1. Can you pull out every residue in segment B:162-176 that is closer than 27 Å to B:Thr147 by Cα, surrounded by 17 or more Cβ atoms within 10 Å (Cβ to Cβ) and of a type outside the set (D, E, K, R)?
2. If I go through segment A:149-164 residue by residue, how many of them are assigned to a helix (DSSP H, G or I) and either at the interface with chain B (Cβ under 7 Å from one of its Cβ atoms) or on the phi > 0 side of the Ramachandran plot (or both)?
3. Is it true that B:Ala193 is surrounded by 21 or more Cβ atoms within 10 Å (Cβ to Cβ) and either free of Cβ contacts under 8 Å to residues at least 12 places away in the same chain or within 22 Å of B:Ser14 (Cα to Cα) (or both)?
4. Can you tell me which of A:Phe118, A:Phe135 is surrounded by 13 or more Cβ atoms within 10 Å (Cβ to Cβ), touching a residue at least 12 places away in the same chain (Cβ under 8 Å) and farther than 21 Å from B:Gly45 by Cα?
5. Could you tell me how many of the residues in segment B:179-190 are in contact (Cβ under 8 Å) with a residue 40 or more places away in the chain and under 15 Å from B:Ala224 (Cα atoms)?
6. Scan segment A:52-101 for residues that are among the hydrophobic types (A, V, I, L, M, F, W, C), in contact with a Lys or Arg (Cβ under 8 Å, 6 or more places away or on another chain) and closer than 12 Å to B:Val52 by Cα and report the count.
7. Scan segment A:82-98 for residues that are in contact with a helix residue (DSSP H, G or I) (Cβ under 9 Å, 6 or more places away or on another chain), assigned to a helix (DSSP H, G or I) and aliphatic (A, V, I, L, M) and jot them down.
8. For segment A:5-36, give me each residue that is without any contact (Cβ under 8 Å) to a residue 24 or more places away in the chain and of a type in the set (A, V, I, L, M, F, W, C).
Amino acid sequence: MDEMIKLKEMLNPCIQCGTCTASCPNEVDMDLVPRKLWRMVLMDRNEAIFDSQTFTLCSSCYLCTLRCPRGLPLTAAMAKLKAIAAKSDLAKYRKSTRFYKSFMESVRRHGRVREGEFMALYFLSMKNPLLPLSFVSLGMQMMRKNKVAFELPAKPGTGNLDRLFKKVAEIEEGL
Amino acid sequence: MNHTYSYFPGCSLSGSAMEYDLSTRAVMERLGITLTEINDWNCCGATAVEAVSSLLGSALGARNLALAERMDPSSDILVPCSACYLNLKKVEMERREDPELAKNLDTILGEENLAINNPPGVRHLLDILVNDITPDTLLENTTRPLTGLKIAPYYGCQCLRPYAVFDDPEAPTSMEGLIKACGAEVIGWEMAARCCGASNMSTKPETAKKLVQKILMDARGADAIVTVCPMCQLNLEGFQKGISRDAGTDLAISVLYLPQLMGLALGLDPSEVKLDKNLALTPALKEKLISILSLKVNCV
């Protein structure tokens, strides 16, 4: 994978000091701590990387990026792994990757995310009738306050970002 | 005050965080500051976009910078949402350092006849409140000091990191002067710049709830937590019941946006800062506000 080669170059200066692991708020739930994950990237252990849940647990708090003594963009590296998993549509990451994709699909259609539509797209893409139940409590609180409405997905309208999304894809494919 | 800013509200502020939008506008108006909403702005991509494509994230941000520059090249862009702020800031910084990215963005923006030449600065609401408006000005305009109210200032992550622009990225203090200028008291706590879990609350709820639990535990003793980000706000206010159950102790606490607190001190009514929209507003805080602000009972 080209993207993995780029990531390897990006992480090459890593000295395995573990400051990232020590800084990570979600480290307790990771099967591979961040330091080990970077080591796997440097050793081309792609199977181990895409067997692990580590990168999907990154909540983009940027503490590791801030503190890395080598100045490595570690939060961006986590995002890159998320993007690779999203592109490959790997089954074990769908709960995360389809969440992000559904968000971006609503943005493509209207230029701005419609919160109700985004969640509807997510539920439809996951085809799991039980998933919406875990969002009922928050959804009810929000509806009671008239903050979000239940929205069926709508076709792209004025303000859609089709051209921008298309051009980005063209450039990415040309790389 | 004679300041004008280009305003980037972002998607959350048009929906789930409408009270952040309305209270920001109300406070700025009260302080004599003009906000002009960027015409045709688009979503910044939040934390979702980098997990799909980093170039798409840069393109979404760049389009907003180009629109702001076209509308008013000499006014800074005021962004209340920390995720929006970081995404726009990132493009501002990265296109300067990466000529290949700048070239790609020019190509993408060219599709709509947009361009970035010398874009206006991207500024977080908190940065503008502290450095342009200043706590002194706020103090001069405070008509109803919130005496006796104990506040835990919560900064979260993305307004502080990775770009250390206006505060210490690990031990921030910028909100303290503003809160004191409102007449309220700042409590010392450890969790002010710790992560709330962000979108993990949807995709990895068990992990995110642990983080929020730590924050809510540490905030005990305060009358309210004050936030400057709609994602933080939602995670701190929307799951208190379940998290209290998991913790085996009642962690209910009021969570307000900073401009809501400021608005009250500036003499605005609770309805003008949309306190009715908050998901976590405890009866204890309501009572306190009624007595501090000498309000009628049905106002809060």
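The values are calculated or read from the model by the stated rules, or taken from the named source; none is laboratory data. Keep in mind the model is a prediction, meaning the values are calculated, not measured. FYI the Cβ positions are ideal-geometry reconstructions off the backbone, even for glycines, and counts take in every protein chain you see. For the accessible areas, the whole protein counts, side chains as well, though only heavy atoms, and no ligand, DNA or RNA atoms are used. Shrake-Rupley method; radii C 1.70, N 1.55, O 1.52, S 1.80 Å.
1. Within segment B:162-176, B:Pro172, B:Ser174, B:Met175 qualify.
2. Of the residues in that region, 2 qualify.
3. So B:Ala193 does not fit the description; no.
4. On the way: A:Phe118 fails: farther than 21 Å from B:Gly45 by Cα.
From the options A:Phe118, A:Phe135, the qualifying one is A:Phe135.
5. 5
6. Summing the residues that are among the hydrophobic types (A, V, I, L, M, F, W, C), in contact with a Lys or Arg (Cβ under 8 Å, 6 or more places away or on another chain) and closer than 12 Å to B:Val52 by Cα in segment A:52-101 gives 1.
7. Residues satisfying the conditions are A:Ala83, A:Ile84, A:Ala85, A:Ala86.
8. Once the filter is applied, which keeps residues that are without any contact (Cβ under 8 Å) to a residue 24 or more places away in the chain and of a type in the set (A, V, I, L, M, F, W, C), segment A:5-36 yields A:Ile5, A:Ala22, A:Val28, A:Leu32, A:Val33.
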